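Here the structure is laid out as structure tokens; the discussion comes afterwards.
The values are calculated or read from the model by the stated rules, or taken from the named source; none is laboratory data. What you are looking at is a predicted structure, and each value in this text was computed from that prediction instead of being measured. All Cβ positions, glycine included, derive from the backbone under ideal geometry; neighbour counts span all protein chains shown. Side chains are part of the model used for accessible areas, which takes the heavy atoms of the whole protein and leaves out ligands, DNA and RNA. Shrake-Rupley method; radii C 1.70, N 1.55, O 1.52, S 1.80 Å.
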Amino acid sequence: MTDGGARFDLRNLLGGGSDIRTLAMLLVVLMGAFAVLLPGEFLRAATFQAMAFQLPELGLLALAMAVTMLTGGINLSIIATANMCGIVTAAILTRTVPGDVAVGAAGAGYILLAMTAGLVTSLLLGLLNGFIVAYLGVSPILATLGTMTLIDGIAVVLTKGRVISGFPRAVLAIGNGDVLGFPVPMVIFLTTALAVGVLLNRTPWGVSVYMIGSNQTATEFSGVRVRSVLMRVYMLSGILCGLASLVMISRFNSAKSGYAASYLLVTVLASVLGGVDPGGGFGRVPGLILALSILQVVSSGLNLLGVSSHLTVALWGGIIIFITSLNLLRSSRRLSKRSA
Amino acid sequence: MWRRLRTHPQRNEIFLSFIIAALSVYLGLATREFFSLENLLDVLLSYSFLGIMSAGMLVVLISGGIDISFTAIATVAQYTMSLIIINYGGNLLLAFLIAGAVGIFLGSVNGFLIHYLKVPAIIITIATLNVFYGLLIAVTKGRWIYAFPTWFYRVPSLFSFTTADGTEYAVTLPIVLLVAVFVSTAFLLRRTAVGRMLYALGGNQEAAVRMGYNILRLRLFVYCFMGLLAGVASVVQAEIVQTVAPNSIVGRELEVLAAVVLGGASITGGTGTLPGTVLGVSLVAMMHNGLTLMGVSSYWHQVFVGAVIVISVSVTAWSQRAGRGRHRVEIEV
């Protein structure tokens, strides 16, 4: 997606981690299997549209996780950040614009204000993470474990654990509407993914991100301002959480602390499945999108088959273990071939 | 003194002890109940389950690994144990044996996968968390379990006493087990060859390999130990709350990690002590208990815990960085 035509190389799309052909093959096999198991039910526009409404939430959160993993970090506070941002947006919305009505120009202004406030909140929370990681030198897992607890705690205090709900129709359209048949959440996700892909693979900043993930000390000595790059990584992660929260609250028509908590660890799995090296330095957006599609197809297919959603989660975990063992087999075979 | 303290090997423990002592004095003056024996036993009982698992987490962290799946292991162990003792009868020892065996088995799955797939432990254990838990809930349909045999309701206690107003308090099995787990983990880490090897493995894996350590065996030991303690903790938790619910343990994995890290264990392996972990868990327990006794709304508890974690890890990292900086200057001069 982000590669020019001349240098387009399938294997290049993924970088180090897993192989994009394996993922593409797995996706095709899974879709084929569901098409056979669910004749006339799986391969329908409605199924795909439902998937296109469900994928973006996890997708945006996975992007937020993946950008930090590229630097060898992790962001455990993504869900807390998204919920905090959702709560800020929801609080302003419900206080200024009456719920579930068409709104005029003044209402539109308030909606814009509410969303901006939410996104600014997520940016500031990202800034906090970035400061602790980049300038105080705390390991990302600990820093974001702390901010996760703190942000979640503040969100609970602000809402007393209650749900804030009842948004104007214009807001609900973000999560539930479509543009020429394309679900709005999908449009937001793909646009964002494209932008993140461009930032990572077409800008000097993006190159620094990968370099930091490969070898932070070497990057520092090569003259890159590592701290400022890292700071921006966590700010980007924050903004992505903010976007995820806008999609989330408009789909649920409510905001609350603790929403989507089970997604936290799944975003790590999705990133790794998509070829992001947990040690940092490798991984690209198209691989991540493919991985998310696999998870979504499994989830939707099993749901149509009437299988418990918990079994789906188990299968997601199984797929990661399967793919990593495949990668291991392949790399060890390659090694033995080279030495022979 | 401060200069010496900064370079002292047990600096973190000393620092934590100061904070806990200050907090105790404050809570003792601010509330009447804090220093009562009843309160102490209550806190010990309610944190016995978290404390037992934190000892396992410490061992995993020292070896340079991490385990996120232990909450799922505990839940699986809890369901297996409950279903067997309810349907076939048994006794408390059997309950611990079953849960421990399930824990060791699932822990060995983690150990093998981490060793052979050569993928970071955090990724593998997040995956196995989802696999173990997803399968369990799919099989059990997430049903709650209440109908324990009568012997399970009688929590054995070492000794008990009756207060002036007639309430009875006792040093119960969970507290005894908590102490036993702490003591044996400390012994394992400080006094056994395996314990010392774990520090070496976490400190420098390459060096440990060249020393000829059997890495697979060490890894298996670490994750099985974590599994065993998760199993033991799960029986303790079932014994305390007398119900088994699918969502009572899963989701608390990061809470345990935070307590152990507060206690000075490094996320990159090779450092951490059991006394430190005890202090870390105590600090978290005291904060919750103190805030409750002072009548602070429970909504605020998490804010305090979060703030303490953020400040503590920041101060630690900052002082290490400052220490390194000074060191570098000294070498250049």
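What helices (runs of 4 or more DSSP H), lying completely within segment B:62-175, carry at least 1 residues that are open to solvent by 10 Å² or more (accessible area, probe 1.4 Å) and modelled with pLDDT of 90 or more?
Details: elements: B:70-88, B:92-117, B:121-140, B:150-153.
In segment B:62-175, the matching helices (runs of 4 or more DSSP H) lie at B:70-88, B:92-117, B:121-140.
Comparison of A:ALA106, A:ALA82 shows that the only residue that is within 30 Å of A:GLY279 (Cβ to Cβ) and either at pLDDT 95 or above or of a type in the set (Gly, Ala, Ser) (or both) is A:ALA82.
Among the residues of segment B:181-193, those that are open to solvent by less than 50 Å² (accessible area, probe 1.4 Å) and part of a helix (DSSP H, G or I) comprise B:VAL181, B:PHE182, B:THR185, B:ALA186, B:LEU188, B:LEU189. The requirement of being in contact (Cβ under 8 Å) with a residue 40 or more places away in the chain, over 30 Å from B:THR163 (Cβ atoms), touching a Lys or Arg at 6+ places or on another chain (Cβ under 7 Å) and of a type outside the set (Phe, Trp, Tyr) is fulfilled nowhere in segment B:78-100; no residue meets it. Entry remark, segment A:156-170: residues being more than 7 Å from every other protein chain (Cβ to nearest Cβ) and either open to solvent by 40 Å² or more (accessible area, probe 1.4 Å) or modelled with pLDDT of 95 or more (or both) number 6 in total. Among the residues of segment B:269-285, those identified as farther than 19 Å from B:LEU45 by Cβ and within 14 Å of chain A (Cβ to nearest Cβ) are B:GLY269, B:GLY270, B:THR271, B:GLY272. If the condition is being open to solvent by 30 Å² or more (accessible area, probe 1.4 Å) and either within 19 Å of A:GLY197 (Cβ to Cβ) or part of a helix (DSSP H, G or I) (or both), then segment A:300-311 contributes A:ASN303, A:LEU304, A:SER309, A:HIS310, A:LEU311.
Give me a count of the residues in segment B:229-268 that are within 14 Å of chain A (Cβ to nearest Cβ) and out of contact with any Gly (no Cβ under 9 Å at 6 or more places or on another chain). Give the steps one after another, and end with the answer.
Residues of segment B:229-268 that are within 14 Å of chain A (Cβ to nearest Cβ), as a first pass: B:246-247, B:250-268.
Of the ones still in play, those that are also out of contact with any Gly (no Cβ under 9 Å at 6 or more places or on another chain) are B:250-255, B:257, B:267.
Adding up the residues that qualify gives 8.
Identify the residue in segment B:258-286 that is in a loop (DSSP other than H, G, I, E, B) and not β-branched (Val, Ile, Thr) and, among all such residues, is nearest to B:LEU40 (Cα to Cα).
In this case the residue turns out to be B:GLY263.
Checked against (1) at pLDDT below 95; (2) part of a helix (DSSP H, G or I); (3) open to solvent by 10 Å² or more (accessible area, probe 1.4 Å), A:LEU93 passes all but a single condition, namely (3).
How about segment A:259-291: which of its residues are outside any loop (DSSP other than H, G, I, E, B) and within 18 Å of B:VAL131 (Cα to Cα)?
Step one: list which residues in segment A:259-291 are outside any loop (DSSP other than H, G, I, E, B), which gives A:263-273, A:285-291.
Across segment A:259-291, the qualifying residues are A:TYR263, A:LEU264, A:LEU265, A:VAL266, A:THR267, A:VAL268, A:LEU269, A:ALA270, A:SER271, A:VAL272, A:LEU273, A:ALA291.
Considering segment B:208-242, the residues that are open to solvent by 30 Å² or more (accessible area, probe 1.4 Å) and under 14 Å from the mean Cα position of the chain (by Cα) include one that is nearest to B:LEU173 (Cα to Cα), namely B:LEU228.
Condition check: of a type in the set (Gly, Ala, Ser), farther than 19 Å from A:GLU57 by Cβ and crowded, with 22+ Cβ neighbours inside 10 Å. Does A:GLY238 satisfy that?
Numbers: of a type in the set (Gly, Ala, Ser): yes; farther than 19 Å from A:GLU57 by Cβ: no; crowded, with 22+ Cβ neighbours inside 10 Å: yes.
Here the answer is no, as A:GLY238 does not meet what is asked.
The set of residues from segment A:253-297 being closer than 24 Å to A:VAL207 by Cα, more than 11 Å from every other protein chain (Cβ to nearest Cβ), open to solvent by 10 Å² or more (accessible area, probe 1.4 Å) and under 13 Å from the mean Cα position of the chain (by Cα) comprises A:ARG284, A:PRO286, A:ILE289, A:LEU290.
Scanning segment B:125-137 for residues that are more than 7 Å from chain A (Cβ to nearest Cβ) and farther than 16 Å from B:LEU254 by Cβ yields B:PHE132, B:LEU136. Taking segment B:287-311 as the range and being in a loop (DSSP other than H, G, I, E, B) and β-branched (Val, Ile, Thr) as the test, only B:VAL296 passes.
When B:ALA170, B:ALA138, B:ALA230 are checked against the criterion of being closer than 30 Å to A:ALA270 by Cα, in contact with a Ser or Thr (Cβ under 6 Å, 6 or more places away or on another chain) and not charged (D, E, K, R), B:ALA138 stands alone in meeting it. Of all residues in segment A:305-334, those that are more than 7 Å from chain B (Cβ to nearest Cβ) and touching a residue at least 24 places away in the same chain (Cβ under 8 Å) have Cβ atoms under 8 Å from Cβ atoms of residues that are in a helix (DSSP H, G or I) and surrounded by fewer than 20 Cβ atoms within 10 Å (Cβ to Cβ), 6 or more apart or on another chain, in A:LEU305/A:LEU37; A:ILE323/A:THR22; A:LEU326/A:THR22; A:ASN327/A:THR22. Of the residues that sit in segment A:131-140 and are surrounded by 21 or more Cβ atoms within 10 Å (Cβ to Cβ) and facing chain B (nearest Cβ under 7 Å), which one is modelled with the lowest pLDDT? Top of the filtered list is A:VAL138.
The numbered conditions (1) closer than 22 Å to A:SER214 by Cα; (2) modelled with pLDDT of 90 or more are all true for A:ILE289 except (1). In segment B:243-257, of all residues being in a helix (DSSP H, G or I) and modelled with pLDDT under 90, the one that is most open to solvent (accessible area, probe 1.4 Å) corresponds to B:GLU255. Within segment B:281-290, the residues that satisfy the criterion of being under 12 Å from B:LEU23 (Cβ atoms) and either open to solvent by less than 20 Å² (accessible area, probe 1.4 Å) or β-branched (Val, Ile, Thr) (or both) are B:LEU283, B:VAL284, B:ALA285, B:GLY290.
It is to be established whether one or more residues within segment A:202-213 are over 21 Å from the mean Cα position of the chain (by Cα) and more than 30 Å from B:ILE66 (Cα to Cα). Yes.
Restricting attention to segment B:294-305, the residues that are open to solvent by less than 50 Å² (accessible area, probe 1.4 Å) and either more than 12 Å from chain A (Cβ to nearest Cβ) or closer than 22 Å to B:MET53 by Cβ (or both) add up to 2.
Against the definition (crowded, with 24+ Cβ neighbours inside 10 Å and either more than 14 Å from every other protein chain (Cβ to nearest Cβ) or assigned to a helix (DSSP H, G or I) (or both)), how does A:THR121 come out, yes or no? I'd like the intermediate steps shown before the answer.
Numbers: crowded, with 24+ Cβ neighbours inside 10 Å: no; either more than 14 Å from every other protein chain (Cβ to nearest Cβ) or assigned to a helix (DSSP H, G or I) (or both): yes.
Judged against the criteria, A:THR121 is not a match.
The set of residues from segment A:50-80 being open to solvent by less than 10 Å² (accessible area, probe 1.4 Å), touching a Pro at 6+ places or on another chain (Cβ under 7 Å) and β-branched (Val, Ile, Thr) comprises just one member, A:THR68.
Have a look at A:VAL198, A:VAL207 and point out the one that is in a helix (DSSP H, G or I), without any contact (Cβ under 8 Å) to a residue 24 or more places away in the chain and open to solvent by 10 Å² or more (accessible area, probe 1.4 Å). Result of the check over A:VAL198, A:VAL207: A:VAL207.
I'm trying to understand the selection: among the residues of segment A:247-258, which are within 11 Å of A:ARG162 (Cα to Cα) and not in a loop (DSSP other than H, G, I, E, B)? Explain how you work it out, then say what you get.
Narrowing segment A:247-258 to residues within 11 Å of A:ARG162 (Cα to Cα): A:254-258.
A:SER254, A:ALA255 - these are the residues of segment A:247-258 that are within 11 Å of A:ARG162 (Cα to Cα) and not in a loop (DSSP other than H, G, I, E, B).
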